[in-house]
Amino acid sequence: MHVYSDPASERHVNHMAGVEAPERFRAALAGAEEAGRAGARVEYRPCRVAPRSALEAVHSPEYLEGLEKLSAAGGGYVDFDTALGPDSLEAAKLAAGAAVGAVESALSGAAAFAIARPPGHHSGRAYGMGFCLLNNAAIAAAYALAQGAERVAILDWDVHHGNGTQDVFYANDEALYLSVHQSPFYPGTGAAREVGEGSAKGFTVNVPLPARSREDLYAEVFAGLLLPVLSEFRPDLLVVSAGYDAHVADPLGGMRLESASFGRFAAGLASLAREVGSAPLALVLEGGYNLNALTGSVAATIKGVEEPFGTCRYSGDVTPVEASRKALAPFWESLR
Ligand SMILES: [Zn+2]
């Protein structure tokens, strides 16, 4: 596992969101160290600022110039919960660069994790919001497509719906976006009926779950929906928007996952990638606001990538999953 990071991640201060704190960076890196001590092969890599072409593949030049002007003026506000400080834009460009680095590693055969902040999945083509300035995972996916990958999937297990990533790829049939998230919840998007548009209908997969969902329900979502659709799509690369705010200890999320749950998700995705012949996983850090949970969950994820999938079937009320299955069945044979 290659871990991409840069100390600039600690210099981004969003004073509008105390929980998205600089300390998150060291807590997440401590997870990589813990995995290394437990026997996972972890190799640390520095990252470069994402190339302009990679940023512009996702964000409008006007939006990027707007951020640059705000940054040159000493900072300001991008949204009611998203502040840009003097060092924020450099940190954001390096976080996007970490995601690009993770894709380069994955495409050359090594699983990788971009451990950086600020997070990205609420940022769209011409907007930042929800603590996000640049959409790191979307930039990573677009970069892979520009490098010659024909199909790229982004799986987002952050407790919030990745509205920015969904928007960027909503009409793009080379990118499959799959999200499992708490609903109703911020940012209010991600209904089962949001499936993409035009030739990309079916290439947005949303699985909204009620608050207090546990791993058994997530397991049903993976086994019954996400993994079958991913198998059918056969991506050349799978990018994971790895947020850890669905952890039971998270102060923002209302879900009941444990650190080990993320290890099992990662293991399932890594084994699927091997089965369908896609590149190893490229993981990109999103949310996760309890520092101890963040450390434990990152450690479990890294260990999980090298472990076989532990089966965990849900038996109970499958209504939330059923709504998503029905919305997507016209587009995916494996769901019929
Ligand atoms: Zn989140």
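What follows is calculated from the coordinates using simple rules that are stated; it is not laboratory data. In this text, all values refer to a predicted model and were calculated from it rather than measured experimentally. Because the Cβ atoms are built from the backbone with ideal geometry, glycine has one as well, and the counts that use them run over all protein chains shown.
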Practice task
Under 18 Å Cα to Cα from K326, which lysines show up? Leave out anything in the same chain fewer than 8 places away.
Solution key: K201
Handout entry: Residues E23, E33, sorted so that the one with the fewest Cβ neighbours within 10 Å comes first
Key = E23, E33
Handout entry: Among G76, G164, G254: highest mean-square fluctuation, GNM of the chain, C-alpha pairs under 10 Å
Key = G76
Fill in the blank from the handout: In degrees, nearest 10, the alpha-carbon axis of helix 136-146 is tilted away from the dominant principal axis of the alpha carbons of the chain by 80 degrees
Handout entry: Cα long-axis angle, helix 259-276 against the chain (0 to 90 degrees, to the nearest 10)
Key = 70 degrees
Exercise for the section: Please order L230, L225 by the number of other Cβ within 10 Å, starting at the fewest. Expected result: L225, L230
Practice task
Taking the chain as the reference, fit the longest principal axis to its C-alpha atoms, fit the long axis of helix 23-37 to the helix C-alpha atoms, and give the angle between the two in degrees, 0 to 90, nearest 10.
Solution key: 60 degrees
Handout entry: Under 15 Å, Cβ to Cβ, from R11 - net charge with Lys/Arg +1 and Asp/Glu -1
Key = -2
Completion exercise
Binned at 10 Å starting from 0, the alpha-carbon pair-distance distribution of the stretch 121-214 in whole percents comes out as 18, 50, 28, 4, 0
Handout entry: Residue (of A175, G109, L225) at the positive-pole extreme of the stretch 2-335, dipole from beta-carbon charges
Key = G109
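Once you sort the root eigenvalues of the Cα gyration tensor of the stretch 2-335 as a ≥ b ≥ c, which label holds: rounded (a/c under 1.5), prolate (a/b larger than b/c) or oblate (the other case)? Spell out each step's value before the answer.
Working: a/c = 1.36, a/b = 1.25, b/c = 1.09.
Since a/c stays below 1.5, the shape of the stretch 2-335 is classed as rounded.
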Fill in the blank from the handout: Filtered hits (lysines, Cα-Cα < 20 Å from K69, offset >= 8 within chain) -> K93
Practice task
Quick one: among V205, V100, V248, which has the greatest mean-square fluctuation in a GNM of the chain with alpha-carbon springs under 10 angstrom?
Solution key: V248
Fill in the blank from the handout: Checked the stretch 5-53 with the C-alpha gyration tensor, a ≥ b ≥ c its square-rooted eigenvalues, rounded below a/c of 1.5, otherwise prolate if a/b is larger than b/c and oblate if not; verdict oblate
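When W332, W157 are ordered from fewest to most other Cβ atoms inside 10 Å of their Cβ, what list results? Write out the running numbers ahead of the final one.
Details: W332 18, W157 28.
Taking fewest neighbouring Cβ atoms as first place, the list is W332, W157.
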Fill in the blank from the handout: Expressed in angstrom and rounded, the centroid-to-centroid distance over alpha carbons for the stretch 148-184 and the stretch 13-78 is 19 Å
Completion exercise
In terms of the alpha carbon gyration tensor, root eigenvalues a ≥ b ≥ c, rounded if a/c is under 1.5 and otherwise prolate when a/b exceeds b/c or oblate, the stretch 1-124 is oblate
